[in-house]
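These notes concern the structure reproduced below.
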Amino acid sequence: MTLAADFAQNLKLQADIVRVVGDYVSLKKAGAQNYSGLCPFHKEKTPSFSVHATKQFYYCFGCGEKGDVFKFVQKIESITFPEAVRAVARKIGVALPKTTFSSEAEAKDARLRTALLEIHERASGFFQECLRRPEGARAREYLSGRGLDDETIKKFRIGFAPDSGFLLRDRLKGQFSEEVLKESGLLSWKDSTQQSALSNQPNRRSLDSSEQSARGLSASARDDKAVVDSGENLKPEAQSLKPEAGFSKPDAALTMYSKFRNRIMFPIANESGRVIAFTGRTLSNDEKAGPKYLNSPETAIYSKSRVLFNLDLAKEWIRKEYAILVEGQMDCISVYAAGFHNVIASSGTAFTQAQAGLLGRFSKNIIVNFDPDAAGAKATERTLGLLIEEEFDIRVLTLEAGFDPDLFVRRKGKDAYREALKHSQKYFDYLIERARAQFPVRSAEGKVKAVNYLLPHVQRVPSRIVRDELAEEIAQKLNLDRAVLRQELKHAAATRKTATLKTSAEAQVTDAEKILIRALASVNQVRSEESVSDRSGEDDAFDPARQARFVLAAKRLHVGLGTESLIEALLNLSDGAEVMELPVSEGERNLLAAILMKDDEELTAEKIEGATRALVRVQIRRRLEQIQRQLESLRAADSFQLRSLMDEKLRLKRALMNPGLSSGEISSASAD
């Protein structure tokens, strides 16, 4: 997909990369223009991810990920570059021009994503209507028994999938291509040729338990607009998703039917509130009905490990307060309906690092409230591990035995739940209690097991100060010798695998080299003001990149330095090229990023001239060392060469004594 000419570049000039990245990563100021945080692209405990506000790029010293605002959004959202441009435009409120596509494959991919979003919205509407129809009576009765009123059902767009395998299919077939239907995850299919062969066998089972009634209903349902609008009422963008709009024609050999049947349907929405998947809770007690909860498969718009149920409704409350993390969707809905709007659920999967990163964009304060049974306790421990590594401020709420959050709210009320939240434990107090319960600490063996249970959790804590505090707590509550425990913790901490920033290469680079590297890298820097002329109207205003380029290209002062190849690459940097995309080694790229992240001081003509003089002196000293070696190897008979070298040595020493050594003296002072 391509946008109007120069739109992406102009958008990049307007976008504040710190603000955009800050929506995904908790950033702290680390310099005048530099911000740092934990890298979202690899697992780390010590921040090695940096964002430069002026130069508008990010770089991770741990994994080497780098780029501009578009590259960041493209990678973290797993989307294409055009989609990233659109996402950035939406974030900063810039209207998008008409879009075109660079290839048919790109256009088809974009249409498929749009179609999947549309088909899920339409399926959600279908399920909601079915819940209100007579066949939804049992589902309504179930929801009422779970304490959900009409307002809550409408808020969460809860619906009902009828027992027929064909009603949803027939509603969608005329509006979407077979490819979209198959990719949606809403339908299953069989080869009808095989089905035909089976039809001649006696006692053949029907496709689903209500096949006969479905056949009778489908004909009349085709014109029933109370369930789903006809294709004629589609939005303009949805019209283009019909089978003739570039997708494959339906394959008559396939018999398609609804994946969700006789189930209460809970829509799963993305952060923006668009439905991207479903969870279906069966109403049947038949062992052939399938699992109690059936989830949508992963699709082009849905990855279960990257989605948090109810985040679209809860995110603003989470920003203001904290997050309440529960396991199930019914837990989440009941707690939300009781007035706790900052609740989310992991929804059909164990809590993941991607979900922790997603949640961390909104708040680092969280109360974990999983079920109090053994499975819930195990899930809590796993989740705590991920949250500790992401440096969340964590508390744990353990309800009475037999009470999950849903049942607790319904039986004891919202005031009791609010009081329980107030008395939630610090996460390590919870873990110590777990250790004491599992391993009686009256014996030495029990204490060893308890400490071994706790050590992995201590290892995950990035801060040494916090680890020391935890050691005090463990020693006190388990009645252990503090010195012995500290030794164990010290050993455990030493084995922690953390990404550390290597600064040895940077330390070997002189300040003069850093200044000139910064100057060269500013050649494509976005300026907040247009260039102006001096009073004479003849010369441009000071340009550090131009001055550094002139001196280094003409006098070759960087030759022989450890940064020679990096500076040479910067000298060859073309206009418009990204400085972090230079064809240099990974070590040199790390060095470049480290230097650019610390450019707190303004580049002035005096600084460039001072750096130039410093490199002249380096060249002079190097030449003096070379002369000294030559003098030591000369014979007395070589009087002419001896005299020549002595004269040059004297001239160079005088040059070193001159505090105002200028770039104009370089050729004579450093000549071989």
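Of the residues THR352, PHE370, ALA323, the one whose Cα sits farthest towards the positive end of the charge dipole of segment 315-418 is ALA323 (charges of +1 on Lys and Arg Cβ, -1 on Asp and Glu Cβ, taken about the Cα centre). For GLU632, the solvent-accessible surface with a 1.4 Å probe is about 140 Å², rounded to the nearest 10. In a fully extended conformation the segment linking GLU141 and LEU631 would gain 166.1 nm over its present Cα-Cα distance, using 0.36 nm per residue.
Over segment 1-159, the ratio between the Cα radius of gyration and 2.2 N^0.38 Å evaluates to 1.44. FRET efficiency for the GLU472 to ALA53 pair, using the beta carbon distance and R₀ = 30 Å, is estimated at 0.15. Multiplying the residue separation of ARG90 and GLU433 by 0.36 nm and removing their Cα-Cα distance gives an extension gain of 118.8 nm. When only the Cβ of Lys, Arg, Asp and Glu is charged (+1, +1, -1, -1), the dipole of segment 35-111 relative to its Cα centre reaches about 180 debye. The slack in the chain from ASN285 to ARG410, taken as 0.36 nm per residue of separation less the alpha-carbon distance, amounts to 42.6 nm.
Take each peptide in 161-167, 559-565, count the other Cβ atoms within 10 Å of every residue, and average; sorted highest first, the result is 161-167, 559-565. I need the calculated FRET efficiency for the pair ALA483 and GLU419, taking r as the beta carbon distance and R₀ as 25 Å, to the nearest 0.05. My answer for the efficiency is 0.05. Summing Lys and Arg as +1 and Asp and Glu as -1 over all other residues whose Cβ lies under 9 Å from the Cβ of LEU294 gives a net charge of +4.
LYS75 contributes about 80 Å² of solvent-accessible surface, heavy atoms of the protein only, 1.4 Å probe. Taking the charge dipole of segment 1-153 about its Cα centre, with +1 at Lys and Arg Cβ atoms and -1 at Asp and Glu Cβ atoms, the residue from ALA8, SER36, ALA84 reaching farthest to the positive side is SER36. Kirkwood radius for segment 341-446, taken over all pairs of different Cα atoms as the inverse mean of 1/r, rounds to 14.9 Å. Accessible surface ranking for SER184, SER633, 1.4 angstrom probe, highest first: SER633, SER184.
Here segment 54-77 is scanned for amide nitrogen atoms under 18 Å from the site 7 Å beyond the Cα of ASP16 along Cα-to-Cβ, giving 54-58, 69-70, 73. A Förster distance of 22 Å, applied to the separation of the beta-carbon atoms of LEU571 and LEU624, puts the FRET efficiency at 0.25. Of the solvent-accessible surface of segment 349-405, computed with a 1.4 Å probe over protein heavy atoms with every protein chain present, carbon and sulfur atoms account for 50 percent.
Summing charges over all other residues whose Cβ lies under 12 Å from the Cβ of ALA123, with Lys and Arg as +1 and Asp and Glu as -1, gives +2. Think of each Lys and Arg Cβ as +1 and each Asp and Glu Cβ as -1; about the Cα centre, that makes the dipole of segment 397-442 roughly 80 debye. Here the simple spin-label model places points 7 Å from the Cα toward Cβ, and for LYS28 and CYS63 these points are separated by 2.1 nm.
Could you work out how far the C-alpha centroid of segment 550-624 sits from that of segment 301-378, in angstrom? Each part reduced to its Cα centre gives a spacing of 49 Å. Take ARG410: with every protein chain present and a 1.4 Å probe, its accessible area is about 100 Å². Over all orientations, segment 27-103 has a Cα convex hull whose mean projected area works out to 6.3 square nanometres. When all alpha-carbon pairs of segment 381-490 are counted, what percent fall beyond 24 Å? Of all Cα-Cα distances in segment 381-490, 34 percent exceed 24 Å. Solvent-accessible area per residue for segment 28-83 at a 1.4 Å probe radius, Å²? Value returned for segment 28-83: 38 Å² of accessible area per residue. Of the listed residues ARG460, ARG629, ARG436, the order by accessible area with a 1.4 Å probe, largest first, is ARG629, ARG436, ARG460.
Local charge sum around SER443 (other residues, Cβ-Cβ under 13 Å, Lys/Arg +1, Asp/Glu -1)? Charge balance in the 13 Å sphere: +3.
The values are calculated or read from the model by the stated rules, or taken from the named source; none is laboratory data. In this text, all values refer to a predicted model and were calculated from it rather than measured experimentally. Quick reminder, even Gly has a Cβ in these numbers, built from the backbone with ideal geometry, and neighbours come from all protein chains shown. The area values use the complete protein model at the heavy-atom level, side chains included, leaving out ligands, DNA and RNA. Shrake-Rupley method; radii C 1.70, N 1.55, O 1.52, S 1.80 Å.
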